[in-house]
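One structure is given below, encoded as structure tokens.
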Amino acid sequence: MHLKPPAVTGWERETPIPDGALNHYLSVRGGRLFLEDLDLTRLVLGSDLPEGLSGPLGSPLEIVYLPLIPKKIAALQTVFADAIAETGYGGRFLYAYPSKANAAEEVVRAALQTGAHFEISTYPDVDLIRIMIARGYVTSRQMILCNGFKPSGSPYAERILALQKAHGNVIPVIDSLAELPFLEYSGQAFEVGLRQKSYGRHDDMAEMNEVNSQFGMQLTDVARAAARIEEAPNLTLRIYHAMVGGQIEQEADFVERLSSPMEIFAKLRQRHPDLTIFNFGGGVPSAMALGFRFDYPAFARLLLTAIQKNCRRFRVPEPDVMGEVGRYTVTEHGAQIFKVGLVKENKSKYPWYILNGSIMTSFPDAWALKEHFTVLPVTNLDRPFRRVQLAGLSCDSDDVYPPKGSASPLFLPVDAENLYVGFFGIGAYQEMLGGMGGVKHCMIPEADELIIEHGADGTFHYRLNRGQNSWEIARTLGYQRDV
Ligand SMILES: Cc1ncc(COP(=O)(O)O)c(C=O)c1O
């Protein structure tokens, strides 16, 4: 079996971090840490704050660096445009952003303004996208793909019908035969998708049909649903959807997992000529840890040539290829900076650096899935380093980093005076899973949030949202402030 080397979570030596690039968006310049051209060291030290920002900035501080989002979308679109040209592929690449990866208004706005299509999965999602439509951020050219469970009569099904009346270009993706009646009897015209049960790794169609997944339909139901859609005068079968995993880090493995779905797509296409979109869902990986490598151009070429080959075999035209690209789009724009409040040398293997916030509630995947994120000092980069462990402020023994059982070392400056530490690559899913606002484990307040956008003039624009104070938490828990 191929064993993955331990993830590189940060600096792994006792010497200071020299100037230079750490990956494609993090670098050290003059002993300071930069996220693209944003000087994080200067930001947290607050001594020389950029124009438009008045201090002091709080800590912990969440960084929302929006310019990376359109940049990443454009980069993947270019990768596919090049692969289409190189392979002579007969279809287009359609980029959709799924709200579940990060549904914050500024993030969704940044994605929608690139013209990306949009994928949603619950009824509140419909209300959010209606706000964005009303504000003019969505054109009728942008598809709204409705995944998620939506049995007839559910609030989600009702809202989908209303959204289609108001906007058009709403494409429900059928996840179960029970989701068809509300569309069949709606009297409204819809293009629809079908979701195949396909999650995970499988070698052939029979194996795929046996996967233990709550998402999508087994083979016989896919065929039944397609036939019913064909019979319904108001419905057109447009999309075949088969998602095969998340953060799939090997290019060939990703494409191999899609080979049975490709075959089913082609067989359906022979009978249903309106079926023009092959949607592979999510799975496009992104840099959470530093050692991450993925050859996006190789992946795009492999995928398109595999679809081409399959289409030739079944004598059907090459479809448009759609990705619902969540993690890739928003992982890197998000960071969170903590201050080291205390160092404990209590005869543990490595000293504990105690942060002034919670790791497990801020990045739940570090605890629940043992996920590795990038951790770097934002100050004291030019001092000697030592191997340490991080702990959050909660009373939970799981509030630690690196994750329990991890073989990845973490080195931080020995000098913990005024030491700030950043977690990077946390922009996808972490805040959605940990929740925004409300009350979290051990009542640790929400961090301040600094939103950074590029203005039309090319300069940075800053917006600071203050986090919670303890009285807001008390009120949420039902306490009255009468003492
Ligand atoms: C239907 C669907 N599409 C897209 C995504 C986004 O996946 P990723 O973040 O891997 O791009 C998900 C994630 O769970 C999903 O369930």
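Give, as ranges by residue number, the residues of the range 273-295 whose backbone N falls under 18 Å from the point 7 Å along Cα→Cβ of E256.
Backbone N within reach: 284-285, 294-295.
Apply 1/(1 + (r/R0)^6) to the Cβ-Cβ distance of S140 and D320, taking R0 = 30 Å, and write down the FRET efficiency to the nearest 0.05.
On the way: r = 18 Å, r/R0 = 0.59.
Plugging the Cβ-Cβ distance into 1/(1 + (r/R0)^6) gives 0.95.
Would you work out the relative contact order for the range 68-330, in percent, from Cα pairs under 8 angstrom that are 6 or more residues apart?
Numbers: 494 pairs, mean separation 58.5, N = 263.
Rounded, it is 22 percent for the range 68-330.
If the limit is 31 Å between Cα atoms, which of K347/K370; K72/K349; K165/K309 go over it? Before the final figure, lay out each step's value.
Values: K347/K370 25 Å; K72/K349 40 Å; K165/K309 39 Å.
Pairs exceeding 31 Å: K72/K349; K165/K309.
Quick check on the exposure proxy: order F373, F299, F314, F292 from fewest to most C-beta atoms within 10 angstrom.
On the way: F373 28, F299 22, F314 14, F292 19.
The fewest-first ordering by Cβ neighbours comes to F314, F292, F299, F373.
How far is the Cα center of the range 244-267 from the Cα center of the range 57-81, in Å?
26 Å
Strictly over 32 Å apart at the Cα level, which of K71/K404; K71/K267; K100/K404 would you flag in this model?
In this structure, K71/K404; K71/K267 exceed 32 Å between Cα atoms.
Under 13 Å from the 7 Å Cα→Cβ point of R109, by amide nitrogen: which residues of the range 65-101?
66-67, by backbone N distance to the label point.
Over all distinct alpha-carbon pairs, what is the Kirkwood Rh of the chain in angstrom? Walk me through the numbers before you get to the answer.
Working: mean 1/r = 0.0415 Å⁻¹.
Evaluated over the chain, this radius sits at 24.1 Å.
How about the range 382-417: which trypsin sites (Lys or Arg not before Pro) there lie in a loop by DSSP and see at most 16 other Cβ atoms within 10 Å?
Working: sites: R386, R387, K404; in loops: K404.
Hits after loop and neighbour filter: K404.
Given a Förster radius of 25 Å and the C-beta distance between R312 and D82 as r, what FRET efficiency does 1/(1 + (r/R0)^6) yield to the nearest 0.05? If you can, show how the numbers build up before the last one.
Details: r = 22 Å, r/R0 = 0.87.
Step by step, r from the Cβ atoms, then E = 0.70.
Could you give each residue of the range 391-404 its phi-based ³J(HN,Hα) in whole Hz, using Karplus coefficients 6.51, -1.76, 1.60 with θ = phi - 60°, and x for Gly or Pro?
With the stated coefficients, the range 391-404 comes to 10, x, 7, 6, 8, 9, 5, 8, 7, 9, 8, x, x, 4 Hz.
Where does the charge balance sit around T78 when Lys and Arg score +1, Asp and Glu -1, over other residues with C-beta under 14 Å from its C-beta?
Numbers: positive: K71, K72, R92, R301; negative: D82, E86.
Here the count lands on +2.
Taking +1 at the Cβ of each Lys and Arg and -1 at the Cβ of each Asp and Glu, which of F278, P409, T459 sits farthest along the dipole of the chain towards its positive end, judged by Cα position relative to the Cα centre?
Looking along the dipole axis, the top candidate is F278.
Through the Karplus equation 6.51 cos²θ - 1.76 cosθ + 1.60, θ set to phi - 60°, convert the phi angles of the range 264-279 into ³J(HN,Hα) values in whole Hz; use x for Gly and Pro.
5, 4, 5, 5, 5, 4, 4, 9, 10, x, 7, 6, 10, 10, 9, 10
Taking +1 at the Cβ of each Lys and Arg and -1 at the Cβ of each Asp and Glu, which of L43, T139, T305 sits farthest along the dipole of the chain towards its positive end, judged by Cα position relative to the Cα centre?
T305
Expressed as an acute angle from 0 to 90° and rounded to the nearest 10, what is the orientation of the C-alpha long axis of helix 296-314 relative to the principal long axis of the chain?
Long axis of 296-314 versus the principal axis of the chain: about 10 degrees.
Relative to a virtual label point 7 Å from the Cα of A75 in the Cα→beta-carbon direction, which members of the range 348-375 show backbone nitrogen distances below 17 Å?
Answer for the range 348-375: 374.
For the range 142-147, just list the computed ³J(HN,Hα) in residue order, Karplus coefficients 6.51, -1.76 and 1.60, θ = phi - 60°, integers in Hz, with x standing in for Gly and Pro.
7, 6, 10, 9, 10, 8
Non-local amide H neighbours of L390 (under 5 Å, H modeled in plane, Pro and chain starts lacking H): which ones?
Amide H neighbours of L390, under 5 Å, 5+ apart: Y353, Y401.
Testing the spin-label approximation: label points 7 Å from Cα along Cα→Cβ at A298 and E51. State their distance in nm.
Taking the simple label geometry, A298 and E51 are separated by 4.6 nm.
How would you classify the range 122-255 from its alpha-carbon gyration tensor, with a ≥ b ≥ c the square roots of the eigenvalues: rounded for a/c under 1.5, else prolate if a/b is greater than b/c, otherwise oblate?
Values: a/c = 2.16, a/b = 1.42, b/c = 1.53.
Here the range 122-255 falls in the oblate category.
Roughly how big is the chain's charge dipole about its Cα centre, with Cβ charges of +1 (Lys, Arg) and -1 (Asp, Glu), in debye to the nearest 20? Could the numbers behind the result be given before it?
Working: 47 positive and 56 negative charges, 109 e Å.
The dipole magnitude comes to about 520 debye.
How large is the helix-only mean residue ellipticity at 222 nm for the chain, computed as the sum of -39500 (n - 2.57) over DSSP H runs with n ≥ 4, divided by its residue count, in deg cm²/dmol to the nearest 500?
Working: 16 runs with 145 residues, N = 483.
Computed ellipticity for the chain at 222 nm equals -8500 deg cm²/dmol.
Restricting to the chain, compute how many DSSP beta bridges are antiparallel as a %, nearest 5. Walk me through the numbers on the way to the answer.
Details: 36 of 72 bridges.
Expressed as a percentage, antiparallel bridges in the chain total about 50.
Quick one: what Rg and Dmax do you get for the range 185-276 from the alpha carbons, in Å?
14.0, 45
Under a Cβ-only charge scheme (Lys and Arg +1, Asp and Glu -1), can you give me the dipole magnitude of the range 340-437 about the Cα centre, in debye to the nearest 20?
Values: 8 positive and 10 negative charges, 80 e Å.
Charge dipole, the range 340-437, about its Cα centre: 380 debye, nearest 20.
Residue separation times 0.36 nm, minus the C-alpha to C-alpha distance between A474 and E36: what's the value? Could you put the intermediate results ahead of the total?
Working: separation 438, 0.36 × 438 = 157.68 nm, distance 3.85 nm.
My answer for the length gained is 153.8 nm.
Relative to the first principal axis of the alpha-carbon coordinates of the chain, what is the inclination of helix 68-87, with its axis defined by its Cα atoms, in degrees from 0 to 90 and to the nearest 10?
With both axes taken from Cα atoms, the answer is about 40 degrees.
Given the peptides 405-414, 155-164, 351-360, arrange them by the average over their residues of other C-beta atoms within 10 Å, most packed first.
351-360, 155-164, 405-414
We did not get these values from a lab; they are worked out from the coordinates using the rules stated. Keep in mind that what you see is a predicted model, and the values were worked out from it rather than measured. Heads up, the Cβs are rebuilt from the backbone with ideal geometry, glycines too, and the neighbour counts pull from every protein chain shown.
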